[in-house]
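K.L.:
The structure that follows is given in the form of structure tokens.
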Amino acid sequence: MENNFFSVIDRDGDARLGILKTPRFCADTPVFMPVGTQATVKGMLPRDVADIGFPIILSNTYHLYLRPGHELIRKMGGLHRFMDWRRGILTDSGGFQVFSLKDLRSISDEGVTFKSHIDGSSHFFSPENVIMFQESFGSDIMMPIDECVPPDASFSYVESSLKRTHSWAFRCLKAKTTDQRLFGIVQGGMYGDLRKISAETLREGNFSGFSIGGLSVGESKELMYDVLGLTTPHIPFDKPRYLMGVGAPDDILEAVERGVDMFDCVLPTRTARTGTFLTADGKIVIKNAVHKYSAEPVEAGCDCYTCANFTRSYLRHLFMVDEMLGPQLATIHNLAFMYRLMKNIRTSIEQKKFRVFKAGFLERYNNKAVIKQ
RNA sequence: GGGUAGGUGGCCGAGUGGUUAAUGGCAGCAGACUGUAAAUCUGCCACGCAACGCGUUGCGGUGGUUCGAAUCCACCCCUGCCCA
């Protein structure tokens, strides 16, 4: 079953152009996957997400397990049908919640015990049941449960955590009963040696792809790029590489340059909800007073519904009066921006001009143009 | 005209002798957000300045009591409600 899932079709340096294919979707890579944690990309109709062009989105096992429950989703015909998203879905396992809800969980070799952030009730996540939950969802790509360690974790802690994460990954592989794809997750904290060990250990398993976890968790960007650069060379060339939770446009460019194929991040959707628009000239905080009388679109030349129809002045107004259309229109734009970024990245790789594109993009993105009134 | 309640920083509204340039909330200004406990969180918000400190003015007005008043007293001005 591995033959058609992923293929690298072109390269420019270490940057790769590829195709990721399952019966449900076909994605050109590098690809960005919007995040829909609770079976919805917040504020977006599935139709709008599809219209922008995204072939695959992310959802989350921990959150869907708590509400509405994997049994319910299974009975409702699976996650795709439940949320009316017919393209690809990658589900995270709850590994990130091992990190983000660290005060509400405890880890043992057997698995992770969570106290629900909703009602305090106790729940146990094991490699086996996390696969079972994701099989109930019917997600196209599943993640194993893993421990995402904080950036300041010691070498010895990460070393022992890594062994557990690896054993969990192989137990997930064993527990799998469907042809849904399962990735291995490379961890190793900020230690290059451990990253290498992690990748080399996991490549022994029959994983469909490799996630890179535990980055962008509070470390500096430079460190993240360094660690990433010490990781990707050890991941099999012919398997997709997914940098979990990243990222910002500059991070994505740096990661693509280091051979990453897949990304997801809440940044475009979350910042949209708080009034920050991503543009080629950097971020725009729409509530800033300079936009009060601006009849300009958020981003000139953007073909998204928001930019095609609304002025900065109007968008600012929506945010000032706290109307829900504001976050919705902002999310549409930010996702369209991310989609366009990825498309441009792919084109530049195809034309063997990735580095030129990257340099040009970053120069413009980081040197905020004077905001036009 | 009589009675009564009240006048606090852009607005609402705490505070009724001393950690008070004055709690809160709203509005305003700015910032953050990276496998989503986020339509959330943080900072600023009298005026002036050589400004992480100093100075000035300050709780309707004017006087007064007091070591010290937004807080107590006197008079005045204004507003709401009730009765004529």
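K.L.:
Quick check, is A:Y305 crowded, with 18+ Cβ neighbours inside 10 Å and in contact with a helix residue (DSSP H, G or I) (Cβ under 7 Å, 6 or more places away or on another chain)? Break it down into steps so the answer makes sense when it comes.
P.N.:
Working: crowded, with 18+ Cβ neighbours inside 10 Å: no; in contact with a helix residue (DSSP H, G or I) (Cβ under 7 Å, 6 or more places away or on another chain): yes.
Judged against the criteria, A:Y305 is not a match.
K.L.:
Just one of A:V98, A:V149 is in contact with a helix residue (DSSP H, G or I) (Cβ under 6 Å, 6 or more places away or on another chain) and of a type in the set (A, V, I, L, M, F, W, C); which is it?
P.N.:
None of the others qualify; the one that does is A:V149.
K.L.:
Then there's this: Does any residue of the stretch A:64-84 turn out to be free of Cβ contacts under 8 Å to residues at least 60 places away in the same chain, within 12 Å of RNA strand B (Cβ to nearest atom) and open to solvent by less than 40 Å² (accessible area, probe 1.4 Å)?
P.N.:
Yes, the stretch A:64-84 contains a residue that is free of Cβ contacts under 8 Å to residues at least 60 places away in the same chain, within 12 Å of RNA strand B (Cβ to nearest atom) and open to solvent by less than 40 Å² (accessible area, probe 1.4 Å).
K.L.:
Next question, about the same structure. If you check A:P327, A:P297, which single one turns out to be farther than 24 Å from A:P46 by Cβ and either buried (at least 17 other Cβ atoms within 10 Å of the Cβ) or in contact with a Ser or Thr (Cβ under 6 Å, 6 or more places away or on another chain) (or both)?
P.N.:
Result: A:P297 is the single residue among A:P327, A:P297 that is farther than 24 Å from A:P46 by Cβ and either buried (at least 17 other Cβ atoms within 10 Å of the Cβ) or in contact with a Ser or Thr (Cβ under 6 Å, 6 or more places away or on another chain) (or both).
K.L.:
Something else now. For the stretch A:32-48, what are the residues that are more than 11 Å from RNA strand B (Cβ to nearest atom), out of contact with any helix residue (DSSP H, G or I) (no Cβ under 6 Å at 6 or more places or on another chain) and open to solvent by less than 10 Å² (accessible area, probe 1.4 Å)?
P.N.:
none
K.L.:
Which is touching a Leu at 6+ places or on another chain (Cβ under 7 Å), aliphatic (A, V, I, L, M) and outside any strand (DSSP E or B), of A:A50, A:A39? Outline the logic, then answer.
P.N.:
On the way: A:A50 fails: touching a Leu at 6+ places or on another chain (Cβ under 7 Å).
Just one listed residue meets the conditions, A:A39.
K.L.:
Additional query: May I ask you to verify whether A:D10 is in a strand (DSSP E or B), open to solvent by 20 Å² or more (accessible area, probe 1.4 Å) and not aliphatic (A, V, I, L, M)?
P.N.:
Criteria met by A:D10.
K.L.:
Can you pull out every residue in the stretch A:200-256 that is more than 12 Å from RNA strand B (Cβ to nearest atom), touching a Pro at 6+ places or on another chain (Cβ under 8 Å) and open to solvent by 10 Å² or more (accessible area, probe 1.4 Å)?
P.N.:
Residue satisfying the conditions is A:R203 alone.
K.L.:
Right, next: Which condition number in (1) farther than 29 Å from A:A50 by Cβ; (2) more than 10 Å from RNA strand B (Cβ to nearest atom); (3) charged (D, E, K, R) is the one that A:D103 fails?
P.N.:
(2)
K.L.:
Here are A:T61, A:T29: which of them is open to solvent by less than 20 Å² (accessible area, probe 1.4 Å), over 15 Å from A:I89 (Cβ atoms) and of a type outside the set (D, E, K, R)?
P.N.:
Just a single option satisfies the conditions, and that option is A:T29.
K.L.:
Could you tell me whether the stretch A:173-184 includes any residue that is within 11 Å of RNA strand B (Cβ to nearest atom) and over 19 Å from A:E71 (Cα atoms)?
P.N.:
Yes - at least one qualifying residue is present in the stretch A:173-184.
K.L.:
Only one of these conditions is not met by A:D28: (1) of a type outside the set (A, V, I, L, M, F, W, C); (2) assigned to a strand (DSSP E or B); (3) within 14 Å of RNA strand B (Cβ to nearest atom). Which number is it?
P.N.:
(3)
K.L.:
Can you go through A:N334, A:N366 and tell me which one is in contact with a strand residue (DSSP E or B) (Cβ under 8 Å, 6 or more places away or on another chain), open to solvent by less than 50 Å² (accessible area, probe 1.4 Å) and not acidic (D, E)?
P.N.:
Details: A:N366 fails: open to solvent by less than 50 Å² (accessible area, probe 1.4 Å).
So the residue among A:N334, A:N366 that is in contact with a strand residue (DSSP E or B) (Cβ under 8 Å, 6 or more places away or on another chain), open to solvent by less than 50 Å² (accessible area, probe 1.4 Å) and not acidic (D, E) is A:N334.
K.L.:
Next question. So, of the residues in the stretch A:88-116 that are open to solvent by 80 Å² or more (accessible area, probe 1.4 Å) and assigned to a loop (DSSP other than H, G, I, E, B), which turns out to be nearest to A:F137 (Cα to Cα)?
P.N.:
Residue satisfying both the conditions and the ranking: A:E110.
K.L.:
Go through the stretch A:257-276 and give me each residue that's open to solvent by less than 10 Å² (accessible area, probe 1.4 Å), more than 6 Å from RNA strand B (Cβ to nearest atom) and in contact with a strand residue (DSSP E or B) (Cβ under 7 Å, 6 or more places away or on another chain).
P.N.:
Matches in the stretch A:257-276: A:G259, A:V260, A:D261, A:M262, A:F263, A:P268, A:G275.
K.L.:
Still on this structure: Would you check which residues across the stretch A:173-199 are assigned to a helix (DSSP H, G or I) and either open to solvent by 10 Å² or more (accessible area, probe 1.4 Å) or in contact (Cβ under 8 Å) with a residue 60 or more places away in the chain (or both) and list them? Steps first, answer last, please.
P.N.:
Within the stretch A:173-199, the subset assigned to a helix (DSSP H, G or I) is A:173-175, A:192-199.
Answer for the stretch A:173-199, where residues must be assigned to a helix (DSSP H, G or I) and either open to solvent by 10 Å² or more (accessible area, probe 1.4 Å) or in contact (Cβ under 8 Å) with a residue 60 or more places away in the chain (or both): A:L173, A:K174, A:A175, A:G192, A:D193, A:K196, A:I197.
The values are calculated or read from the model by the stated rules, or taken from the named source; none is laboratory data. What you see is a predicted model; the values in this text were computed from it and never measured. Cβ sites come from the backbone with ideal geometry, for glycine too, and all protein chains shown count toward neighbours. Just so you know, the surface numbers come from the protein's heavy atoms only, side chains and all, with ligands and any DNA or RNA stripped out. Shrake-Rupley method; radii C 1.70, N 1.55, O 1.52, S 1.80 Å.
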